[in-house]
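Colleague: This is the structure I have questions about; it appears just below.
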Amino acid sequence: MDSFVYKNGKLFAEGVDVETIAAEVGTPVYIYSKATFLDHLKKIQTAYADIDTTVCYSVKACGNINILRSLAEAGSGFDIVSGGELFRAQQAGADMSKIVFAGVGKTDKEILEALNAGIGYFNIESEPELENLIALCKKHGKTTKAALRVNPDIKYDSHKHITTGVKETKFGVDIERAIKVYDQYAANGVVEMSAIHVHLGSGGKTITPYVEYVKKVMPLVDALRSKGHTIDTLDLGGGYGADYESGTVPSAIDYASGIVPLLKAANLKLILEPGKSIIANAGIMLTRVVFKKTSGEKTFVIVDAGMNDLIRPCLYEAFHFIWPAQVDERFMPQKRMKALKVDGAEVVDIVGPICEGTDFFAKKRAMPPVARDDLVAVFTAGAYGYTMASNYNARPMCPEVLVDGDQYTVIRKRQTYEDLVELEK
Ligand SMILES: Cc1ncc(COP(=O)(O)O)c(C=O)c1O
């Protein structure tokens, strides 16, 4: 479910006409629906209610502190990958005991910041990292908890750049080596190694790899326990599908119905790290048509957002449904789909103004005809949209707006040209 719907031909975010937002704050702009991301969080919390589960929303998906604050108030913890994300979580008033910290290259500075903050778990990605964490704890008189990230070597149907749970990626420790790591390091006196972490990648479309990896990890839990190690928590990572196309991915209940029965008898606490499945379709990027032009057989719709604002199509060949914010009855989209066939649509490339051939949002896409100044919505842009945005081409970062019912708030202002050079003075 999401709360971006057309009413009388006009796109609304919950109770707010997106045109009103564009008129006040300009374009491009990211618009988020609070009801949508809270609904997604609630559905996950409910689906796993039979097990002691902590949902740790993945900050890298969308890290605005106002969004994090709302999620924290609804009981979410956070999955972080840097000192900066820890700071964001702190600014949002997060419960530090519900923070898990992943990443293959945590620096000493970041580790100390996390130790001082008292986070829940370090998700350990290698033996040298574990040795360093133990050494830092001893040096600074700290204790903490850790989960070893194991790489289950499971095929995952997603783009190669966002598949992390197969062998020969930089993430985690080969599952075959895990027992050796626990045997060698568990009795260290400062880092309690009581959990296992697995994360397959991002952009999953079926529950199959999740069921497969739980089946692969449970024998490891048994083996570790039989050797006397205390394993009380399993962190299953994120990567659960999001509706880039309507109704194409499993729901939270679908995932839970595959996973929970495999865990119920094991007396394990569960951590989940969803990003996309909470925030992706809780956000759109709204942009305005600058020009339309033809080149050979092609028609280009040039909009005022560029790959610096949303890089996913260029980086991952990601699909985003794109549709005008105002349409007549013929063009009301019933579904968001790759090959939506609508009589009277025009086939266009939707591109940005940046001087790169990769600056596109869609190619050969059927869309209702648009003209200069029309507003166009890029749907399902909430995850890895703003967090991957940059100032490339000296373009100020666009604003973020949070809609709650019939109210909206600018939760990040548009950068100014002055902001662009401020740190260079
Ligand atoms: C360790 C870890 N956890 C969670 C996530 C969130 O993934 P998603 O946004 O696909 O749910 C990621 C993203 O790649 C990740 O690397």
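Colleague: Residue by residue through the range 54-78, note down the ones that are more than 23 Å from Arg312 (Cβ to Cβ) and surrounded by 21 or more Cβ atoms within 10 Å (Cβ to Cβ).
Modeller: Pass one, the range 54-78, residues more than 23 Å from Arg312 (Cβ to Cβ): 54-55, 69-70, 72-77.
Those that are more than 23 Å from Arg312 (Cβ to Cβ) and surrounded by 21 or more Cβ atoms within 10 Å (Cβ to Cβ): Thr54, Val55, Ser76, Gly77.
Colleague: Here's another thing I want to ask about it. Checking Thr248 against (1) surrounded by fewer than 21 Cβ atoms within 10 Å (Cβ to Cβ); (2) within 16 Å of the ligand (Cβ to nearest atom); (3) within 17 Å of Leu268 (Cα to Cα): exactly one of these is not met. Which one?
Modeller: (3)
Colleague: From the residues in the range 212-260 that are among the polar types (S, T, N, Q) and out of contact with any strand residue (DSSP E or B) (no Cβ under 9 Å at 6 or more places or on another chain), which one is farthest from Lys180 (Cα to Cα)?
Modeller: So, considering only residues that are among the polar types (S, T, N, Q) and out of contact with any strand residue (DSSP E or B) (no Cβ under 9 Å at 6 or more places or on another chain), the one farthest from Lys180 (Cα to Cα) is Ser246.
Colleague: Just one of (1) over 18 Å from Cys398 (Cβ atoms); (2) within 16 Å of the ligand (Cβ to nearest atom); (3) assigned to a loop (DSSP other than H, G, I, E, B) trips up His320, so point out which.
Modeller: Condition not satisfied by His320: (1).
Colleague: How many residues are surrounded by 20 or more Cβ atoms within 10 Å (Cβ to Cβ) and small (Gly, Ala, Ser) when one looks only at the range 83-101?
Modeller: So the count comes out to 3.
Colleague: Can I ask one more? Report whether or not Phe78 is of a type in the set (Phe, Trp, Tyr) and more than 25 Å from Pro399 (Cα to Cα). Before you say what the answer is, go through the steps one by one.
Modeller: Working: of a type in the set (Phe, Trp, Tyr): yes; more than 25 Å from Pro399 (Cα to Cα): no.
Criteria not met by Phe78.
Colleague: Moving on. I'd like to verify a number: residues in the range 48-93 that are of a type in the set (Val, Ile, Thr) and not in a helix (DSSP H, G or I), how many?
Modeller: Here is the first cut: in the range 48-93, the ones of a type in the set (Val, Ile, Thr) are 51, 53-55, 59, 65, 67, 80-81.
Now narrow it down to the ones that are not in a helix (DSSP H, G or I): 51, 53-55, 80-81.
So the answer is 6.
Colleague: Among the residues of the range 404-419 satisfying the criterion of being closer than 16 Å to Thr27 by Cα and not β-branched (Val, Ile, Thr), which is surrounded by the fewest Cβ atoms within 10 Å (Cβ to Cβ)?
Modeller: Our first condition is that a residue be closer than 16 Å to Thr27 by Cα; within the range 404-419, this holds for 408-417.
With the extra rule that they be not β-branched (Val, Ile, Thr), the set shrinks to 408, 412-415, 417.
Numbers: Tyr408: 23, Arg412: 17, Lys413: 13, Arg414: 16, Gln415: 15, Tyr417: 9.
Here the residue is Tyr417.
Colleague: Pairs only if they're at least six apart or on different chains, beta carbon under 9 angstrom, first in the range 128-146 and modelled with pLDDT of 95 or more, second part of a helix (DSSP H, G or I) and small (Gly, Ala, Ser); list them, first residue then second.
Modeller: Between residues of the range 128-146 that are modelled with pLDDT of 95 or more and residues that are part of a helix (DSSP H, G or I) and small (Gly, Ala, Ser), the close pairs are Thr144/Ala114.
Colleague: Out of the range 107-126, which residues are within 15 Å of the ligand (Cβ to nearest atom), of a type in the set (Ser, Thr, Tyr) and modelled with pLDDT of 95 or more?
Modeller: Tyr121
Colleague: Applying the selection to the range 319-341, what residues are modelled with pLDDT of 95 or more and within 26 Å of the chain's Cα centre (by Cα)?
Modeller: Once the filter is applied, which keeps residues that are modelled with pLDDT of 95 or more and within 26 Å of the chain's Cα centre (by Cα), the range 319-341 yields Phe319, His320, Phe321, Ile322, Trp323, Pro324, Ala325.
Colleague: Still on this structure: All but one of (1) in a helix (DSSP H, G or I); (2) within 28 Å of Ile31 (Cα to Cα) hold for Leu115; state the number of the condition that does not hold.
Modeller: (2)
Colleague: Answer yes or no as to whether Gly83 is at pLDDT 95 or above and out of contact with any strand residue (DSSP E or B) (no Cβ under 9 Å at 6 or more places or on another chain).
Modeller: yes
Colleague: Here's a check for you: in the range 255-283, which residue that is within 16 Å of the ligand (Cβ to nearest atom) and among the charged types (D, E, K, R) is farthest from Gly204 (Cα to Cα)? Show your work before the answer.
Modeller: The initial filter retains those residues of the range 255-283 that are within 16 Å of the ligand (Cβ to nearest atom), namely 255-256, 259, 270-283.
Narrowing further to those that are among the charged types (D, E, K, R): 273, 276.
On the way: Glu273: 13, Lys276: 10 Å.
Only one residue fits best here, namely Glu273.
The values are calculated or read from the model by the stated rules, or taken from the named source; none is laboratory data. Just so we're clear, the structure is a prediction, and the values are computed from it rather than from any experiment. Cβ atoms come from the backbone with ideal geometry, glycine included; neighbour counts cover every protein chain shown.
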